[in-house]
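Worksheet for the structure shown next.
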Amino acid sequence: MKFLIEKVRGWTSKPALPAAGGATMAGRVRRWGALAVLLGAATALAVPAGATCLNKAPLRGVNLAGAEFNGSKIPGTVFKDYMYPSTTDITYFADLGANMIRLPFLWERLQPVAGGPLDPTQVKFIAKVIETAKSRNLCVLLDAHNYGAYKGIPLGKPGATTENFADFWVRMAAAFPDVDTVALGLMNEPVLTSLKQWGETSKATLAKLRENNAKHLVVIAGGTYSGAHDWATLRDGVSNASTFATLKDPLTRTLIEVHQYVDSNYSGTKADCISPAKLNDILEKVKVWAVANKQRLFLGEFGVADTPECLPTLQAALTAMRGAPWSGWTYWSAGAWWGKTYIFNVQPMAGVTRNSVSLLQAAWNNEELDLNKILQKQQAVAK
């Protein structure tokens with residue numbers, strides 16, 4: 001996805017809103033919007049009820065996007081420039097069987113000054129999401145959706161130092177101490193900093209969290225776009241495979257996050273898809289790496305167009321992630337501000353039926369992933 005970096009500088013991080021406050025989407029703009037703002041600024045058991053972020057049950061759920069939107073407006077106005085998921089949104093996916101939501105947000109909104117206190121209003125919004133999720137037996141993965149920068153400053157530079165980053169997460173761990181409900185996703189797709197720097201910063205932050213007695217599940221994304229398809233690709237002499245092979249956590253409560261979109265260039269911007277066999281090969285290779293290096297995997301983002309051609313690829317992904325070293329996944333994406341035309345949208349909408357949701361539901365409930373049976377069942381219900 002790095003080849004698109006020059007094309008996103010002028011994009012917006014939230015779909016354009018019509019006067020009525022709804023949302024439209026002509027492509028996977030979210031994925032690049034927050035990145036564009038930052039660039040501009042710088043230049044197999046069934047999951048039991050009550051499953052928590054620290055038990056051995058696989059964590060399977062969905063991204064609930066919105067709090068990371070409109071990164072050019074900091075802090076912005078909540079429910080105008082950005083939004084947090086509602087009780088209705090959270091309950092819908094809990095009722096379908098999900099046991100985790102990944103909650104993207106912007107570091108700058110939570111901590112307006114690097115090294116300073118957290119914003120109490122933002123803390124309250126997140127606390128409400130966590131409270132609602134907990135009441136419905138959902139784990140919340142807090143996801144700093146900043147692409148490896150703070151106010152456009154790449155990690156490791158003055159104003160966004162490793163110390164600043166570690167300070168932020170220590171404060172977040174203290175603000176949201178319920179380790180049974182809250183997991184910490186250190187950084188989404190840290191493409192704006194070098195892979196070497198991200199390796200150093202993420203490991204130092206994990207160490208600082210443990211030094212401060214934070215027992216949360218910590219999810220560390222691979223560098224650049226975290227793609228499983230290029231996990232072993234060298235960048236300035238290092239790769240995600242070499243960088244995270246030796247990751248150590250004294251509490252063994254750390255997952256390595258990978259992302260994998262299935263369109264032909266893996267960018268998550270198109271409605272085509274690679275074959276199930278090709279996707280299986282990609283996921284198998286990163287699985288072999290994880291087993292060899294005693295790491296556990298989490299697929300934080302993957303999305304498939306809801307078409308007859310692409311549903312078998314989604315089925316393959318969900319099947320491949322059953323069993324170790326996979327500890328879970330969150331599908332991209334839901335959220336009340338996605339429009340009907342967004343190819344990966346699984347937000348419930350009146351009059352819209354999505355076969356991908358039926359597949360996800362079967363996976364969330366650890367049911368048989370037989371695509372034909374699932375589609376036949378859905379058709380019977382529709383009648």
* Asked: Which is surrounded by fewer than 24 Cβ atoms within 10 Å (Cβ to Cβ), aliphatic (A, V, I, L, M) and in a helix (DSSP H, G or I), of A204, A214, A232?
  -> A204
* To do: Scan the helices (runs of 4 or more DSSP H) fully inside segment 309-383 and keep the ones with 2 or more residues being basic (K, R) and open to solvent by less than 40 Å² (accessible area, probe 1.4 Å).
  => none
* Residues (in contact with a Pro (Cβ under 8 Å, 6 or more places away or on another chain), part of a helix (DSSP H, G or I) and more than 18 Å from G335 (Cα to Cα)) located in segment 75-121 -> E108, R109
* segment 139-183 - residue that is among the small types (G, A, S) and either in contact with a His (Cβ under 8 Å, 6 or more places away or on another chain) or in a strand (DSSP E or B) (or both) and, of those, farthest from S226 (Cα to Cα) -> A173
* Asked: How do the pairs read when you match residues in segment 220-247 that are modelled with pLDDT under 95 with residues anywhere that are surrounded by fewer than 22 Cβ atoms within 10 Å (Cβ to Cβ), using Cβ under 7 Å and keeping only pairs 6 or more apart or on different chains?
  -> D236/S194; D236/K196
* **A277, sole failed condition from (1) surrounded by fewer than 15 Cβ atoms within 10 Å (Cβ to Cβ); (2) at pLDDT 95 or above; (3) in a loop (DSSP other than H, G, I, E, B)** => (3)
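Anything in segment 126-165 that is open to solvent by 10 Å² or more (accessible area, probe 1.4 Å), among the small types (G, A, S) and closer than 23 Å to L209 by Cα? List them, or say none.
Matches in segment 126-165: A127, G156, G159.
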* **Of residues in segment 251-269 being among the aliphatic types (A, V, I, L, M) and under 16 Å from the mean Cα position of the chain (by Cα), the one surrounded by the most Cβ atoms within 10 Å (Cβ to Cβ)** => V258
* **Close pairs (6 angstrom Cβ cut-off, 6 or more residues apart or separate chains): acidic (D, E) in segment 68-82, in a strand (DSSP E or B) and open to solvent by less than 10 Å² (accessible area, probe 1.4 Å) anywhere** => E68/P104; E68/F105
* Asked: Before we move on, is R296 at pLDDT below 95 and not polar (S, T, N, Q)?
  -> no
* Do we have any residue at all in segment 185-198 that's of a type in the set (A, V, I, L, M), open to solvent by 40 Å² or more (accessible area, probe 1.4 Å) and out of contact with any Lys or Arg (no Cβ under 9 Å at 6 or more places or on another chain)? -> no
* Can you name every residue in segment 72-87 that is more than 20 Å from the chain's Cα centre (by Cα) and either among the β-branched types (V, I, T) or within 14 Å of N137 (Cβ to Cβ) (or both)? -> I74, T77, V78
* To do: Kindly indicate which of T254, T313, T269 is of a type in the set (V, I, T) and farther than 20 Å from A221 by Cβ.
  => T313
* With the condition kept exactly as written, say whether any residue in segment 110-118 is touching a strand residue (DSSP E or B) at 6+ places or on another chain (Cβ under 9 Å) and either under 19 Å from V62 (Cα atoms) or of a type in the set (V, I, T) (or both). => no
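The values are calculated or read from the model by the stated rules, or taken from the named source; none is laboratory data. Owing to the predicted nature of the structure, the values given are computational and were not obtained by experimental measurement. Methodologically, a virtual Cβ is constructed for each residue, glycine included, from the backbone with ideal geometry; neighbour enumeration extends over all protein chains shown. Heavy atoms of the whole protein, side chains included, go into the accessibility calculation; ligands, DNA and RNA do not. Shrake-Rupley method; radii C 1.70, N 1.55, O 1.52, S 1.80 Å.
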